[in-house]
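The values are calculated or read from the model by the stated rules, or taken from the named source; none is laboratory data. In this text, all values refer to a predicted model and were calculated from it rather than measured experimentally. Cβ coordinates were reconstructed from backbone atoms using ideal geometry, including for glycine residues, and neighbour counts include every protein chain displayed. Side chains included, ligands, DNA and RNA excluded: accessible areas come from the protein's heavy atoms. Shrake-Rupley method; radii C 1.70, N 1.55, O 1.52, S 1.80 Å.
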Amino acid sequence: MHLGSVNAGVKSVAAPSVLETQHGTVRPLAAEDLERVAALFLTKFRRRRHLLDRAIAETAEYMKKIYLEPAGQPGESSALVQITPQGRLGGFLGVLKARYELNGAALNAAIIGPLMADPGTDHGSAGPQLLRAVHQGAFDLHLTDSANRVSLAFARPMKYQLLPVHCLGWTCIFRPAAMAAAVARGKWPGLPRFALDPCARAFDTFTRKRFEPPAQHSSSHRVHREPMDAAQFAERLPTLVSDYSLRPRWQDGELPRLLALAAEKRADGPLHFGGTYDETGKILGCYAFYGQAGGIANLLQIQASGSHWGATLDGLIADARNLGCVGIAGQTQGRFMPQLFGYKNVLLRYAGGTMVRSRIAEVTEAVRSGDIFIGGLMGDRWTRLSADDFGR
């Protein structure tokens, strides 16, 4: 497929810097908006009734880093705000720029993150207005992997393709009582450990055989796992995604910078990397996950080549267990679902809408056939906005 055939009939037109409507103005995020946007974010997504100055300042500084100062991404911000006719903040749409390629043809992508409106100033127009504005930009595809049900209701009529498998999350339980205690401490940080941990240990000892490690998918003599660092992960991941027709095009150190930003997220512990190799040392798969002893590991990214998904999942789960995690959770992908079904004690749940929109027929066909690399680093769940509790 040639570049011309991908872009045939499609003309990317840059959106005006400011869009005026009867309901207000949509324009790119600016530095003077950050504190208002941060306060709205904490109210909507962290359910904060009493906003502390330090929480607003920390959230605003982080938003500045990812939306106004993205490394290697010059130009005005792609994130948008809606300002009401009275001059108040009506809504916000977080957008990260990314690069994709389709069979070698370069594509500009918009990764859509938080979409929020202030109920005190907005009357239902901010969400659709912000989405229509981003659709008028110079992007060849728009994607999200974290849409809530309200965002789904806005986006589906705008011809987004829903990827049902990617909307699911999976959780593998290692120690059920300890995992329940970890969830409780996450919701109520003040709970004392001495009140929960002894009971959890006693229960998990009783159920140990039921939750023992699963059988390995491959012989340890032929396939082995090794830890790696962020630089090694950034070097090997692009090779492993090369069998997708629609895949990211990371350039000029972009992937190491992205991993450095992802490592700042701290809700689930430090970021760990690992890989699976054959007896000759050839890379078969790699993974990155957040985790710490006593907590629930959170998968950032997993990728394998060919038939090696089972061995790579084995390595991921073994590393999380050896770290002392009580379980592991992550986003599903169509390519490892058959192997995932082979594990005991795996739960599936709705975790967030994964959707793609494009005016290019070849892109929509690749999405329809599942031939797209999406989620993880090509989403926004790696950002601190997805889970971290700012100002505490």
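What FRET efficiency, computed as 1/(1 + (r/R0)^6) with R0 = 41 Å and r the Cβ-Cβ distance, is obtained for ASN322 and LEU51, rounded to the nearest 0.05? Once rounded, the FRET efficiency stands at 0.50.
Each other residue within a Cβ distance under 14 Å of ARG225 adds +1 if Lys or Arg and -1 if Asp or Glu, for a net charge of -1.
Farthest toward the positive end of the dipole of the chain, out of LEU313, HIS224, VAL26, is the Cα of LEU313, where the dipole comes from beta carbon charges about the Cα centre. The slack between ALA31 and PHE341, meaning 0.36 nm per residue of separation minus the straight C-alpha distance, is 106.9 nm. The 3J(HN,Hα) values that the Karplus relation (6.51, -1.76, 1.60; θ = phi - 60°) gives for the range 307-316 are, in residue order, 9, 9, 5, x, 5, 6, 4, 4, x, 4 Hz. Gly and Pro appear as x.
Label the range 259-329 by shape, choosing from rounded, prolate and oblate, from the square roots a ≥ b ≥ c of the eigenvalues of the Cα gyration tensor; if a/c is under 1.5 it is rounded, and otherwise prolate applies when a/b is larger than b/c, oblate when it is not. Verdict is prolate for the range 259-329.
With loop membership from DSSP and a limit of 16 other Cβ atoms within 10 Å, the longest segment of the chain without GluC sites (Glu not before Pro) is 77-263. Placing ASP371, ASP388 in order of accessible area, with the largest value first and a 1.4 Å probe, yields ASP371, ASP388.
Using bins of 10 Å that start at zero, the share of Cα-Cα pairs per bin across the range 120-163 amounts to 22, 58, 18, 1, in whole %.
State the Cα centre-to-centre distance between the range 153-203 and the range 348-386 in whole Å. Spelled out, the Cα-based centre of one part sits 22 Å from the other. For the chain, relative contact order (Cα pairs under 8 Å, six or more residues apart, normalised by length) works out to 22 percent. Take the alpha carbon atoms of the chain, find their radius of gyration, then divide it by 2.2 N^0.38 Å using N residues; give the quotient. That ratio works out to 1.02.
The range 212-291: percent of C-alpha pairs farther apart than 18 Å? Percentage above 18 Å: 52. As a rough guide to protection, the peptides 328-339, 372-383 ranked by mean Cβ packing within 10 Å, highest first, stand as 372-383, 328-339.
Ranking TYR160, ALA329, HIS272 by how far each Cα lies toward the positive end of the dipole of the chain (charges on Cβ) leaves ALA329 at the top. Which percent of the Cα-Cα distances in the range 259-392 go past 22 Å? Tail of the P(r) past 22 Å holds 43 percent of the pairs.
For the chain, what is the calculated [θ] at 222 nm in deg cm²/dmol (nearest 500), taking -39500 (n - 2.57) for each run of four or more DSSP H residues and dividing by its residue count? Result for the chain: -8500 deg cm²/dmol, rounded to the nearest 500. Using the Cβ-Cβ distance between SER307 and GLU20 with R0 = 56 Å, the FRET efficiency computed as 1/(1 + (r/R0)^6) comes to roughly 0.55.
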